[in-house]
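Chemist: Would you mind keeping the following structure in view while I ask a few things?
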Amino acid sequence: MSTWANLGLQDSASPLMEQLIFFHDHALLILVMITVLVGYLMFMLFFNSYINRFLLHGQLIEMIWTILPAIILLFIALPSLRLLYLLDEINEPSVTLKSIGHQWYWSYEYSDFNNVEFDSYMIPTNELENDGFRLLDVDNRIVLPMNSQIRILVTAADVIHSWTIPALGVKVDGTPGRLNQTNFFINRPGLFYGQCSEICGANHSFMPIVIESVPVNNFIKWISNNVN
Ligand code: CUA
(Lines give C-alpha, C1' and ligand atoms only; values in the text may rest on other atoms or scores of the structure.)
Protein backbone atom coordinates (compact mmCIF):
# COMPACT_ATOMS: atom_id res chain seq x y z
CA MET A 1 0.00 0.00 0.00
CA SER A 2 0.98 3.62 -0.31
CA THR A 3 2.45 5.39 2.73
CA TRP A 4 3.05 9.03 3.64
CA ALA A 5 4.57 11.34 1.03
CA ASN A 6 4.82 8.63 -1.59
CA LEU A 7 4.50 10.52 -4.85
CA GLY A 8 5.62 7.72 -7.17
CA LEU A 9 4.10 4.33 -7.90
CA GLN A 10 3.83 1.69 -5.22
CA ASP A 11 6.32 -1.18 -5.19
CA SER A 12 5.17 -3.88 -7.55
CA ALA A 13 3.93 -7.22 -6.29
CA SER A 14 3.32 -8.72 -9.74
CA PRO A 15 5.31 -9.03 -12.99
CA LEU A 16 2.84 -6.85 -14.90
CA MET A 17 3.15 -3.97 -12.42
CA GLU A 18 6.92 -4.29 -12.74
CA GLN A 19 6.59 -3.79 -16.51
CA LEU A 20 4.23 -0.85 -15.97
CA ILE A 21 6.81 0.84 -13.73
CA PHE A 22 9.56 0.27 -16.31
CA PHE A 23 7.35 1.84 -18.97
CA HIS A 24 6.47 4.78 -16.72
CA ASP A 25 10.16 5.50 -16.06
CA HIS A 26 10.98 5.17 -19.77
CA ALA A 27 8.21 7.58 -20.81
CA LEU A 28 9.18 10.02 -18.03
CA LEU A 29 12.80 10.05 -19.20
CA ILE A 30 11.73 10.99 -22.76
CA LEU A 31 9.38 13.62 -21.36
CA VAL A 32 12.15 15.21 -19.26
CA MET A 33 14.51 15.33 -22.26
CA ILE A 34 11.87 17.06 -24.41
CA THR A 35 10.99 19.53 -21.63
CA VAL A 36 14.62 20.44 -21.04
CA LEU A 37 15.29 20.98 -24.76
CA VAL A 38 12.14 23.05 -25.40
CA GLY A 39 12.68 24.96 -22.14
CA TYR A 40 16.25 25.81 -23.19
CA LEU A 41 15.11 26.98 -26.65
CA MET A 42 12.35 29.15 -25.17
CA PHE A 43 14.74 30.65 -22.64
CA MET A 44 17.28 31.50 -25.33
CA LEU A 45 14.58 33.36 -27.30
CA PHE A 46 14.83 36.15 -24.71
CA PHE A 47 18.37 36.86 -25.86
CA ASN A 48 17.63 36.78 -29.61
CA SER A 49 18.58 40.13 -31.14
CA TYR A 50 17.12 39.45 -34.64
CA ILE A 51 20.24 40.36 -36.58
CA ASN A 52 19.60 38.25 -39.69
CA ARG A 53 17.49 40.45 -42.03
CA PHE A 54 17.18 37.79 -44.77
CA LEU A 55 16.11 34.75 -42.67
CA LEU A 56 12.66 33.70 -43.98
CA HIS A 57 12.81 29.89 -44.22
CA GLY A 58 15.11 26.92 -43.61
CA GLN A 59 14.14 23.73 -45.47
CA LEU A 60 16.59 21.43 -43.72
CA ILE A 61 15.85 22.42 -40.11
CA GLU A 62 12.13 22.26 -40.78
CA MET A 63 12.46 18.70 -42.14
CA ILE A 64 14.43 17.72 -39.03
CA TRP A 65 12.02 19.20 -36.49
CA THR A 66 9.04 17.63 -38.25
CA ILE A 67 10.35 14.09 -38.57
CA LEU A 68 12.32 13.87 -35.31
CA PRO A 69 9.28 14.18 -32.97
CA ALA A 70 7.50 11.46 -34.98
CA ILE A 71 10.44 9.11 -34.44
CA ILE A 72 10.58 9.99 -30.73
CA LEU A 73 6.86 9.20 -30.41
CA LEU A 74 7.51 5.74 -31.88
CA PHE A 75 9.85 5.00 -28.95
CA ILE A 76 6.86 5.55 -26.64
CA ALA A 77 4.15 4.01 -28.84
CA LEU A 78 5.81 0.65 -29.51
CA PRO A 79 6.62 -0.28 -25.86
CA SER A 80 3.16 1.00 -24.90
CA LEU A 81 1.52 -1.33 -27.43
CA ARG A 82 3.65 -4.24 -26.21
CA LEU A 83 2.46 -3.62 -22.63
CA LEU A 84 -1.16 -3.24 -23.70
CA TYR A 85 -1.23 -6.69 -25.27
CA LEU A 86 0.84 -8.19 -22.44
CA LEU A 87 -1.74 -7.00 -19.88
CA ASP A 88 -4.50 -8.74 -21.82
CA GLU A 89 -2.75 -12.10 -22.06
CA ILE A 90 -4.38 -14.83 -19.97
CA ASN A 91 -2.29 -17.83 -19.05
CA GLU A 92 -4.33 -20.84 -17.86
CA PRO A 93 -5.51 -19.31 -14.56
CA SER A 94 -5.67 -21.66 -11.58
CA VAL A 95 -8.25 -19.60 -9.67
CA THR A 96 -11.04 -17.37 -10.93
CA LEU A 97 -12.49 -14.69 -8.65
CA LYS A 98 -15.63 -12.79 -9.53
CA SER A 99 -15.97 -9.34 -7.95
CA ILE A 100 -19.23 -7.45 -8.10
CA GLY A 101 -19.42 -3.76 -7.31
CA HIS A 102 -22.39 -2.46 -5.30
CA GLN A 103 -23.29 0.94 -3.83
CA TRP A 104 -21.09 0.87 -1.75
CA TYR A 105 -19.26 -2.38 -1.14
CA TRP A 106 -17.77 -5.27 -3.08
CA SER A 107 -19.05 -8.83 -3.10
CA TYR A 108 -16.94 -11.78 -4.21
CA GLU A 109 -17.61 -15.23 -5.63
CA TYR A 110 -15.18 -18.12 -5.97
CA SER A 111 -17.13 -19.98 -8.65
CA ASP A 112 -14.51 -22.78 -8.86
CA PHE A 113 -15.20 -23.86 -5.28
CA ASN A 114 -18.93 -24.57 -4.96
CA ASN A 115 -19.52 -20.85 -5.24
CA VAL A 116 -18.01 -19.57 -2.00
CA GLU A 117 -19.37 -16.02 -1.78
CA PHE A 118 -19.28 -13.12 0.66
CA ASP A 119 -19.64 -9.33 0.94
CA SER A 120 -16.69 -7.10 1.78
CA TYR A 121 -17.45 -3.84 3.62
CA MET A 122 -15.08 -1.13 4.81
CA ILE A 123 -14.51 -1.11 8.58
CA PRO A 124 -15.84 2.23 9.92
CA THR A 125 -13.27 4.40 11.73
CA ASN A 126 -14.92 3.98 15.16
CA GLU A 127 -14.77 0.17 14.90
CA LEU A 128 -11.17 0.05 13.68
CA GLU A 129 -8.50 -2.02 15.50
CA ASN A 130 -5.36 -0.16 16.62
CA ASP A 131 -3.31 -1.63 13.77
CA GLY A 132 -6.03 -1.15 11.15
CA PHE A 133 -5.80 1.26 8.24
CA ARG A 134 -8.53 3.94 8.24
CA LEU A 135 -10.82 3.91 5.17
CA LEU A 136 -8.79 1.00 3.78
CA ASP A 137 -9.48 -2.12 5.83
CA VAL A 138 -12.46 -4.40 5.20
CA ASP A 139 -14.39 -6.94 7.29
CA ASN A 140 -13.94 -9.84 4.83
CA ARG A 141 -10.69 -9.98 2.87
CA ILE A 142 -10.17 -11.75 -0.43
CA VAL A 143 -7.78 -14.67 0.10
CA LEU A 144 -5.75 -15.67 -2.96
CA PRO A 145 -2.78 -18.01 -3.52
CA MET A 146 0.57 -16.42 -4.36
CA ASN A 147 2.69 -17.63 -7.31
CA SER A 148 -0.42 -18.60 -9.26
CA GLN A 149 -2.17 -17.13 -12.25
CA ILE A 150 -5.42 -15.57 -11.07
CA ARG A 151 -8.28 -14.48 -13.27
CA ILE A 152 -10.60 -11.69 -12.11
CA LEU A 153 -14.07 -11.20 -13.53
CA VAL A 154 -15.50 -7.77 -12.70
CA THR A 155 -19.04 -6.54 -12.97
CA ALA A 156 -21.43 -4.29 -11.04
CA ALA A 157 -24.98 -4.49 -9.76
CA ASP A 158 -26.02 -0.83 -9.89
CA VAL A 159 -23.63 1.83 -11.26
CA ILE A 160 -20.12 1.71 -12.72
CA HIS A 161 -17.38 0.88 -10.20
CA SER A 162 -13.71 0.11 -10.75
CA TRP A 163 -11.75 -2.70 -9.15
CA THR A 164 -8.26 -1.25 -8.65
CA ILE A 165 -5.17 -2.65 -6.89
CA PRO A 166 -2.13 -0.42 -7.58
CA ALA A 167 0.55 -2.86 -6.36
CA LEU A 168 -0.71 -5.54 -8.75
CA GLY A 169 -1.19 -3.27 -11.74
CA VAL A 170 -4.90 -4.03 -11.95
CA LYS A 171 -7.66 -1.57 -12.79
CA VAL A 172 -10.87 -2.87 -14.35
CA ASP A 173 -14.24 -1.19 -14.57
CA GLY A 174 -17.25 -3.05 -13.24
CA THR A 175 -20.15 -2.11 -15.49
CA PRO A 176 -23.73 -3.30 -14.98
CA GLY A 177 -24.64 -5.82 -17.66
CA ARG A 178 -21.06 -6.50 -18.69
CA LEU A 179 -18.43 -8.96 -17.49
CA ASN A 180 -14.87 -7.65 -17.74
CA GLN A 181 -11.84 -9.85 -17.37
CA THR A 182 -8.26 -9.37 -16.23
CA ASN A 183 -5.54 -11.45 -14.67
CA PHE A 184 -2.51 -11.17 -12.41
CA PHE A 185 0.18 -13.17 -10.67
CA ILE A 186 1.09 -12.18 -7.10
CA ASN A 187 4.74 -12.94 -6.44
CA ARG A 188 4.88 -12.39 -2.70
CA PRO A 189 2.74 -12.98 0.40
CA GLY A 190 1.11 -10.05 2.16
CA LEU A 191 -1.80 -7.66 2.16
CA PHE A 192 -2.58 -5.61 -0.94
CA TYR A 193 -4.92 -2.65 -0.69
CA GLY A 194 -7.01 -1.03 -3.39
CA GLN A 195 -9.97 1.26 -3.81
CA CYS A 196 -12.82 1.80 -6.23
CA SER A 197 -11.72 4.25 -8.90
CA GLU A 198 -14.86 5.20 -10.73
CA ILE A 199 -16.87 8.03 -9.21
CA CYS A 200 -19.79 5.81 -8.25
CA GLY A 201 -21.70 7.94 -5.75
CA ALA A 202 -21.66 9.64 -2.34
CA ASN A 203 -19.77 6.81 -0.62
CA HIS A 204 -17.38 6.09 -3.47
CA SER A 205 -14.38 6.61 -1.15
CA PHE A 206 -15.59 3.96 1.24
CA MET A 207 -15.51 0.72 -0.74
CA PRO A 208 -11.89 -0.47 -0.44
CA ILE A 209 -10.46 -3.80 -1.57
CA VAL A 210 -8.07 -5.97 0.47
CA ILE A 211 -6.27 -9.02 -0.91
CA GLU A 212 -4.58 -11.46 1.44
CA SER A 213 -1.90 -13.23 -0.57
CA VAL A 214 -0.96 -16.57 1.03
CA PRO A 215 0.96 -19.75 0.05
CA VAL A 216 -1.11 -22.22 -1.96
CA ASN A 217 -1.64 -24.76 0.85
CA ASN A 218 -2.94 -22.01 3.16
CA PHE A 219 -5.34 -20.98 0.42
CA ILE A 220 -6.59 -24.56 0.06
CA LYS A 221 -7.08 -24.73 3.84
CA TRP A 222 -9.02 -21.44 3.82
CA ILE A 223 -11.23 -22.38 0.90
CA SER A 224 -12.03 -25.84 2.30
CA ASN A 225 -13.05 -24.24 5.62
CA ASN A 226 -15.40 -21.90 3.77
CA VAL A 227 -16.87 -24.24 1.16
CA ASN A 228 -20.44 -25.36 1.86
CU1 CUA B 1 -17.52 2.17 -6.47
CU2 CUA B 1 -16.42 4.32 -6.79
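The values are calculated or read from the model by the stated rules, or taken from the named source; none is laboratory data. Quick caveat: nothing in here was measured; it's all calculated off a predicted structure. Don't worry about glycine lacking a Cβ; one is built from the backbone with ideal geometry, like all the others, and counts go over all protein chains shown. When the accessible area is computed, the model is the full protein with side chains, heavy atoms only, and any ligands, DNA or RNA have been set aside. Shrake-Rupley method; radii C 1.70, N 1.55, O 1.52, S 1.80 Å.
Chemist: What helices does the chain hold that run 20 Å or longer along their axis, going by alpha-carbon atoms, with a Kyte-Doolittle average of 0.5 or more, using DSSP H for the helix calls?
Modeler: 15-45, 59-88
Chemist: Within 10 Å of each candidate Cβ there may be at most 15 other Cβ atoms; applying that plus a DSSP loop requirement, which chymotrypsin sites (Phe, Trp or Tyr not before Pro) in region 1-57 survive?
Modeler: When the chymotrypsin sites (Phe, Trp or Tyr not before Pro) of region 1-57 are filtered for loop state and at most 15 Cβ neighbours within 10 Å, TRP4, PHE46, PHE47, TYR50, PHE54 remain.
Chemist: Leaving out ligands, DNA and RNA, and with a 1.4 Å probe, what % of the accessible surface on region 15-88 is carbon or sulfur?
Modeler: On region 15-88, the fraction of accessible area on carbon and sulfur atoms equals 78 percent.
Chemist: Quick one: 3J(HN,Hα) in Hz for region 138-148, Karplus 6.51/-1.76/1.60 with θ = phi - 60°, rounded, Gly and Pro as x.
Modeler: 10, 6, 10, 7, 7, 9, 9, x, 7, 6, 9
Chemist: Choose one answer from ASN217, ASN183, ASN52: the residue with the largest mean-square fluctuation in a GNM of the chain with alpha-carbon springs under 10 Å.
Modeler: Answer for the Gaussian network model of the chain: ASN52.
Chemist: Using a 1.4 Å probe, what is the accessible area per residue for the chain, in Å²?
Modeler: That works out to 64 Å² per residue.
Chemist: Follow-up. With N set to the number of residues, divide the alpha-carbon radius of gyration of region 77-228 by 2.2 N^0.38 Å and report two decimals.
Modeler: 1.04
Chemist: Here is a further query. Whole-Hz Karplus ³J(HN,Hα) for region 164-180, in order, using 6.51 cos²θ - 1.76 cosθ + 1.60 and θ = phi - 60°, x for Gly and Pro?
Modeler: 10, 10, x, 5, 9, x, 10, 7, 10, 6, x, 10, x, x, 10, 10, 9
Chemist: Sticking with this one: Return, ordered by residue number, the residues of region 54-93 whose backbone nitrogen is under 17 Å from a label point located 7 Å along Cα→Cβ of LYS171.
Modeler: Correct set: 80-81, 83-88.
Chemist: Taking GluC sites (Glu not before Pro) as exposed when DSSP calls them loop (any state but H, G, I, E, B) and at most 16 other Cβ atoms lie within 10 Å, what is the longest stretch of the chain free of them, the sites themselves excluded?
Modeler: 130-228
Chemist: Same structure, new question: Can you tell me how much longer the chain between ILE72 and TYR50 gets when fully stretched, taken as 0.36 nm per residue apart minus their C-alpha distance, in nm with one decimal?
Modeler: My answer for the length gained is 4.9 nm.
Chemist: Also, I was wondering about something else. Of the candidates VAL32, VAL172, VAL95, which one comes out as most mobile in a Gaussian network treatment of the chain with C-alpha springs shorter than 10 Å?
Modeler: In the Gaussian network model the winner is VAL32.
Chemist: Rounded to a whole number, what % of the accessible area of region 95-227 do carbon and sulfur atoms account for, probe 1.4 Å?
Modeler: Ligands and nucleic acids excluded, carbon and sulfur reach 47 percent.
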